[in-house]
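In what follows, a structure is listed as structure tokens, so that the remarks can point back to it.
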Amino acid sequence: MAVDHLDTRILRLLLEQPRTSVREYARILGVARGTLQARLDRLERDGVITGSAPTLSPAALGHPVLAFVHIEVTQGHLADVADELAGVPEIVEAHSITGGGDLLARVAARDAEHLEDVVQQLNRLPGVVRTRTEVALRERVPHRLLPLVESIGRAAAADRK
């Protein structure tokens, strides 16, 4: 989907001021409310905007240990194992990957012992061959999309010229 300069301005506002009303966004951007709403609807329909839920902190919820678990899966069982991962509440995200494993899961745990229990649970899943766990020590670059949106906006503005 092509994102133009106005789209990137809208996305930037959504990221910087997520609790602002559509009417206020339209005023800030200098566009009609209907235009803004149509753009938002299209961005949602095209999968650019994927949600509007608040960002939660697992650490503040009592799960300060963050680990990345590489999971090697028996050939032909990737979908089955992925379905099982969805049933483990401590897995907050999982992706199919290339390289040293088949899946990469981000796990939030209460402490080291809890993390070990979660990893052992993963190792017992049918189709899991082995796991390798890496514990995050400190977040160096928090999850962010604004720099990417700004880069896309600059490219879109340059294309307009």
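The values are calculated or read from the model by the stated rules, or taken from the named source; none is laboratory data. Owing to the predicted nature of the structure, the values given are computational and were not obtained by experimental measurement. Note that each Cβ is placed from the backbone with ideal geometry, even for glycine, and that neighbours are counted across all protein chains shown. Ligands, DNA and RNA are excluded from the accessible area calculation, which covers all protein heavy atoms including side chains. Shrake-Rupley method; radii C 1.70, N 1.55, O 1.52, S 1.80 Å.
Key figures
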{"item": "Rounded Å value of the spacing that divides the Cα centres of region 139-161 and region 107-135", "result": "35 Å"}
{"item": "Ellipticity estimate at 222 nm from DSSP helix runs (n ≥ 4, -39,500 (n - 2.57)) divided over the chain, nearest 500", "result": "-13000 deg cm²/dmol"}
{"item": "Net charge contributed by nearby residues that have their C-beta within less than 13 Å of V81 (K/R +1, D/E -1)", "result": "-3"}
{"item": "Charge-dipole axis of the chain as Lys and Arg at +1 and Asp and Glu at -1 on Cβ define it, positive-most pick from L122, A67, H5", "result": "H5"}
{"item": "Apportionment of accessible area to carbon and sulfur, the chain, percent (1.4 Å)", "result": "51 percent"}
{"item": "Charge tally in the Cβ shell below 12 Å around L122, where Lys, Arg are +1 and Asp, Glu are -1, L122 excluded", "result": "-2"}
{"item": "Solvent-accessible area per residue for the chain (1.4 angstrom probe, square angstrom)", "result": "67 Å²"}
{"item": "Among T133, L56, L43 - extreme Cα towards positive end, dipole of the chain, charges at beta-carbon", "result": "L43"}
{"item": "Span from the region 74-105 Cα centroid across to the region 18-57 one, whole angstrom", "result": "32 Å"}
{"item": "Local net charge near P58, Cβ-Cβ under 13 Å (Lys/Arg +1, Asp/Glu -1)", "result": "-2"}
